[in-house]
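See structure below.
The values are calculated or read from the model by the stated rules, or taken from the named source; none is laboratory data. Only a predicted model underlies this, so the values are computations on that prediction, with no experimental measurement involved. FYI the Cβ positions are ideal-geometry reconstructions off the backbone, even for glycines, and counts take in every protein chain you see. Quick note on the areas: whole protein, heavy atoms, side chains included, nothing else; ligands and nucleic acids left out. Shrake-Rupley method; radii C 1.70, N 1.55, O 1.52, S 1.80 Å.
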2 protein chains.
Amino acid sequence: MKTDHNLDIADLAERVQKGERRALARAITLVESARSDHKAQAVALLDLLPKARQALRIGLSGTPGVGKSTFIESFGMMLVAQGLKVAVLAVDPSSTRSGGSILGDKTRMDRLSRDPAAFIRPSPSQTHLGGVARRSREAVALCEGAGFDVVLIETVGVGQSETVVAQMADIFLLLLAPAGGDELQGVKRGIMEIADMILINKADGDLKPAAMRTCADYAGALRLLRKRAQDPPGYPKAMMVSALQEDGLDAVWADLNSLRDWRQEQGFWERTRADQARYWFEQDVRNGLLAQLETPQARGALMRLGEEVAAGHTAPAAAAAAFLTSLSKSDTSKP
Amino acid sequence: MKTDHNLDIADLAERVQKGERRALARAITLVESARSDHKAQAVALLDLLPKARQALRIGLSGTPGVGKSTFIESFGMMLVAQGLKVAVLAVDPSSTRSGGSILGDKTRMDRLSRDPAAFIRPSPSQTHLGGVARRSREAVALCEGAGFDVVLIETVGVGQSETVVAQMADIFLLLLAPAGGDELQGVKRGIMEIADMILINKADGDLKPAAMRTCADYAGALRLLRKRAQDPPGYPKAMMVSALQEDGLDAVWADLNSLRDWRQEQGFWERTRADQARYWFEQDVRNGLLAQLETPQARGALMRLGEEVAAGHTAPAAAAAAFLTSLSKSDTSKP
């Protein structure tokens, strides 16, 4: 991002609200920045956006190879054809290690990426999930403020990334490929418990019989899970789709809207959003406190004291107390 | 703990070093206290203890019913008979919820608890693992300073407690009961990866054949695990014991010492201790920063801002920024 000390936040907020894609892209770059001046600008920007605008936030998880990009392309194009504006964001904590994100790759969503009603943003490159999470959640808020109707938040099943995405999504979809009888063992119990709908993709051609079996297996497994208060009868559910043949996507959309309507009527929708907002506020506070450890000065002191502790010259607790005292002293010496 | 403003830390440190059990118990109560003046005294006390004294720190995990107390009683008495001083500490994050710790229960270690060469301390009651962890690690340091030769750190397989205990142990033992062929599925992969030795207990009477099968199963599973640099040939290993009949305990002790000797010769021993000390230093720093959120004033502000965020009046990031600013201001107003 080009440094711009004269960046007019009020102007940027206005252009984001009008749905200008370049302004939105720039705003997301701002929330993704690690610089403290950018961070302050991002906070101001987010606070200027209208709080009443709400997109339908859909979390989507699936391991590489299940056809996530094809699903997003087909599903997104269907929504765009209905007159909806669709944003696609990716949360991928592993993207730096794997040498660049494969998620949200525009070249793999060719039609959608060229559609004026769509906006696709790859995962910010980051080494730790916490940073990716905060930035992604703020990017979701920016897309809402820009007037998008649907925000798809895509992730791979790496570590805790699904749990983090579930904390910013209204509805969570798990995409799976047809497989043999052992398939159920490969899916973590945690992800089964947060999924609202499990979609068995590639239910076409030779794979259709396997897809039917896999779908029946998951439908059975979902019935065995403990019932959650926020689920109407029949949910969570397992369904078959073919993203390639664009088959079953309308049924997914219809069932997703039924689920939304029910949760809104029963009050679960607003309660979940309120809980999520509170969660992110508390995360921001914690991360803000811990950010004091990230300055070059603090890193140097941590390294130096860490070596003393490792060598056995100082007890861990005494070194920590000394560090915290020096930190609060350097705080009070600020103007 | 009785409040004592005139507590002489230098005197307490001296008596702990002499191995006075009442002084040690009092010192542990001090490190377990949540009061900030006690915390400062605990830090001073830990720093006064000789850094050169080292006990053999043995982590021990096993689900309820595998015979942990019986094992500790028999194993501990064997060590005491060899002239060694043995301390037993428990790490049990669930102890408050279950209405009091069952770990380190002196009534279940009748002979050991009455032996002058032994010291048994139940888990501090705490609601979160982080607090239990820090206090337990400092209790280990106190036992080392008091001249104990062996510190057994006992835990149940609840959540992350084994990982935490592994960060304060030199050698980690997993105690299991004989079982049917499905047993292997019940043990979390994580614990298999940190265990240095797996002990199949109750290898006596009718259960001996089942114990042999279970032992063979685990020996096979351990061979499939990725080799760790800090393991000599043949480790991690699975062995049979009978704590009740005091059978196989000498073999465990011999193998444990072989493992220690090898790791000391190869330099892994000191390196692991240095890494652990650095880890606890960093944990102490993080927890010290986050402790600012635990004051009544901070809790009140968090609650109030959290409600504003939940109601949608303020963005999470803006509320967090406001909170952090007020926190640093209240810091600078300190004398």
Item to check | Residues of the range A:296-313 satisfying the condition of being open to solvent by less than 60 Å² (accessible area, probe 1.4 Å) and either more than 7 Å from every other protein chain (Cβ to nearest Cβ) or in a helix (DSSP H, G or I) (or both) | outcome: A:Ala298, A:Gly300, A:Ala301, A:Leu302, A:Leu305, A:Gly306, A:Val309, A:Ala310
Next on the checklist: Any residue at all in the range B:284-294 that's more than 7 Å from chain A (Cβ to nearest Cβ), of a type in the set (Asp, Glu) and part of a helix (DSSP H, G or I)?
Outcome noted: yes
Item to check | Leading residue by the ranking (nearest to the other protein chains (Cβ to nearest Cβ)) among those in the range B:26-54 that are assigned to a loop (DSSP other than H, G, I, E, B) and within 17 Å of B:Arg135 (Cβ to Cβ) | outcome: B:Leu49
Next on the checklist: Step by step: first the residues of the range A:314-334, then only those that are farther than 26 Å from B:Gln276 by Cβ and of a type in the set (S, T, N, Q), then the one that is surrounded by the fewest Cβ atoms within 10 Å (Cβ to Cβ). Which residue is that?
Outcome noted: A:Ser333
Next on the checklist: Between B:Thr272, B:Thr314, which is β-branched (Val, Ile, Thr) and over 24 Å from the mean Cα position of the chain (by Cα)?
Outcome noted: B:Thr314
Item to check | B:Thr214 within 14 Å of another protein chain (Cβ to nearest Cβ) and touching a helix residue (DSSP H, G or I) at 6+ places or on another chain (Cβ under 8 Å) | outcome: no
Checklist entry - Hey, among the residues in the range B:314-335 that are more than 9 Å from chain A (Cβ to nearest Cβ) and outside any helix (DSSP H, G or I), which one's nearest to B:Ser36 (Cα to Cα)? => result B:Pro335
Item to check | Residues that are open to solvent by less than 20 Å² (accessible area, probe 1.4 Å), under 30 Å from B:Met109 (Cα atoms) and assigned to a helix (DSSP H, G or I), drawn from the range B:243-268 | outcome: B:Leu249, B:Val252, B:Leu256, B:Leu259
Checklist outcome for this item: When A:Ala23 is run through (1) modelled with pLDDT of 85 or more; (2) hydrophobic (A, V, I, L, M, F, W, C); (3) part of a loop (DSSP other than H, G, I, E, B), the failure sits at (3)
Checklist entry - If only one of B:Ser101, B:Ser113, B:Ser125 is over 20 Å from B:Leu30 (Cα atoms), surrounded by fewer than 23 Cβ atoms within 10 Å (Cβ to Cβ) and modelled with pLDDT under 95, which one is it? => result B:Ser113
Next on the checklist: So, B:Arg223, is that one more than 7 Å from chain A (Cβ to nearest Cβ) and open to solvent by 60 Å² or more (accessible area, probe 1.4 Å) or not?
Outcome noted: yes
Item to check | In the range B:41-82, the residues that are of a type in the set (D, E, K, R) and either within 17 Å of B:Gln245 (Cβ to Cβ) or open to solvent by less than 30 Å² (accessible area, probe 1.4 Å) (or both) | outcome: B:Lys68, B:Glu73
Next on the checklist: Under 6 Å between Cβ atoms, which residue pairs at least 6 apart in sequence (or on different chains) link something in the range B:296-310 that is under 13 Å from A:Glu282 (Cβ atoms) and not assigned by TED's automatic domain parsing to the domain that holds B:Arg35 with a partner that is small (Gly, Ala, Ser) and open to solvent by less than 90 Å² (accessible area, probe 1.4 Å)?
Outcome noted: B:Leu305/B:Ala319; B:Val309/A:Ala277; B:Val309/B:Ala319; B:Ala310/A:Ala274; B:Ala310/A:Ala277
Checklist outcome for this item: Counted residues in the range A:76-89 being in a helix (DSSP H, G or I) and over 18 Å from the mean Cα position of the chain (by Cα) come to 5
Next on the checklist: Whether any residue in the range B:199-217 is open to solvent by 20 Å² or more (accessible area, probe 1.4 Å) and under 30 Å from A:Ala141 (Cβ atoms) is what I want to check.
Outcome noted: no
Checklist entry - Does B:Pro236 satisfy the condition of being under 20 Å from B:Ala169 (Cβ atoms) and out of contact with any Phe, Trp or Tyr (no Cβ under 6 Å at 6 or more places or on another chain)? => result yes
Checklist entry - Would you call B:Asp275 part of a helix (DSSP H, G or I), open to solvent by 60 Å² or more (accessible area, probe 1.4 Å) and more than 14 Å from chain A (Cβ to nearest Cβ)? => result no
